Amino acid sequence: DQQVKQNSPSLSVQEGRISILNCDYTNSMFDYFLWYKKYPAEGPTFLISISSIKDKNEDGRFTVFLNKSAKHLSLHIVPSQPGDSAVYFCAASGMNRDDKIIFGKGTRLHILP
Amino acid sequence: NAGVMQNPRHLVRRRGQEARLRCSPMKGHSHVYWYRQLPEEGLKFMVYLQKENIIDESGMPKERFSAEFPKEGPSILRIQQVVRGDSAAYFCASSPTRERYEQYFGPGTRLTVT
């Protein structure tokens with residue numbers, strides 16, 4: 001049962017344009033959401049996160065939006081750069097310290113020159 | 001400050017052999033997590049350890065898999081009598097506290113069972 005869903009396996013975006021990666025979740029107990037970026041042959045690296053008490057968090061070119069009623073979050077990257085080409089994992093966790101982080105399957109982002 | 005180190009990076013085993021995957025956490029980190037990524041899947045939690053203690057092994061298969069994090073030395077994920085379905089990328093992450101959001105991932109070990 002996939003609690004965190006990334007329905008787009010891949011996405012291609014022109015350099016300089018906005019990249020929007022989407023993520024849906026089913027567990028209403030999730031209260032913290034994270035995005036990780038992964039290059040080939042490397043481990044995931046933390047990118048940005050958001051708590052359920054917020055609906056937006058911004059860090060430079062990266063913004064995450066959370067819509068709790070729709071159980072949906074999205075990652076916006078603007079402007080997109082060649083180095084943004086990677087796999088992006090959406091992840092979620094509950095409010096208890098020992099709750100595990102649940103990952104989606106990832107979306108492969110290609111930034112086109 | 002060196003990051004999380006995993007070795008070997010690639011491991012090939014025949015069915016029935018044992019696989020040992022090692023993870024050295026970042027300096028000062030005493031919390032280690034192991035994840036498995038099957039092809040075309042996301043990362044799945046396997047086990048969470050602190051030095052000399054298994055805290056949560058709810059993601060570990062019931063048989064053939066074990067993990068340890070001794071007082072000295074790296075954390076070890078051990079898979080006995082490997083099968084083809086064990087072929088995957090295994091990632092280790094470490095954190096300085098029990099705060100699970102501060103996990104730093106290693107580069108992974110890609111296990112191939114022939």
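Where a number appears in this text, it was derived from the coordinates with a stated rule and is not lab data. None of the values given here were measured: they were computed from a predicted structure. Note that we place each Cβ from the backbone using ideal geometry, even for glycine, and neighbour counts take in every protein chain shown.
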Restricted to segment B:96-114, and to residues that are away from chain A (no Cβ under 14 Å) and either under 17 Å from B:P61 (Cβ atoms) or of a type in the set (G, A, S) (or both), which residue is surrounded by the fewest Cβ atoms within 10 Å (Cβ to Cβ)?
B:V113
Across segment B:41-86, which residue is farthest from A:P9 (Cα to Cα) among those that are buried (at least 20 other Cβ atoms within 10 Å of the Cβ), within 14 Å of chain A (Cβ to nearest Cβ) and among the aliphatic types (A, V, I, L, M)?
B:L49
For segment B:54-82, name all the residues that are assigned to a strand (DSSP E or B) and within 12 Å of the chain's Cα centre (by Cα).
B:F65, B:S66, B:A67, B:E68, B:S75, B:I76, B:L77, B:R78, B:I79
Would it be correct to say that B:A93 is within 10 Å of chain A (Cβ to nearest Cβ), touching a residue at least 60 places away in the same chain (Cβ under 8 Å) and assigned to a strand (DSSP E or B)?
yes
I'd like to check something: does segment B:5-20 contain any residue that is surrounded by fewer than 15 Cβ atoms within 10 Å (Cβ to Cβ), within 14 Å of chain A (Cβ to nearest Cβ) and over 14 Å from the mean Cα position of the chain (by Cα)?
no
Restricting attention to segment B:96-114, report how many residues are under 17 Å from B:Y33 (Cβ atoms) and part of a strand (DSSP E or B).
3
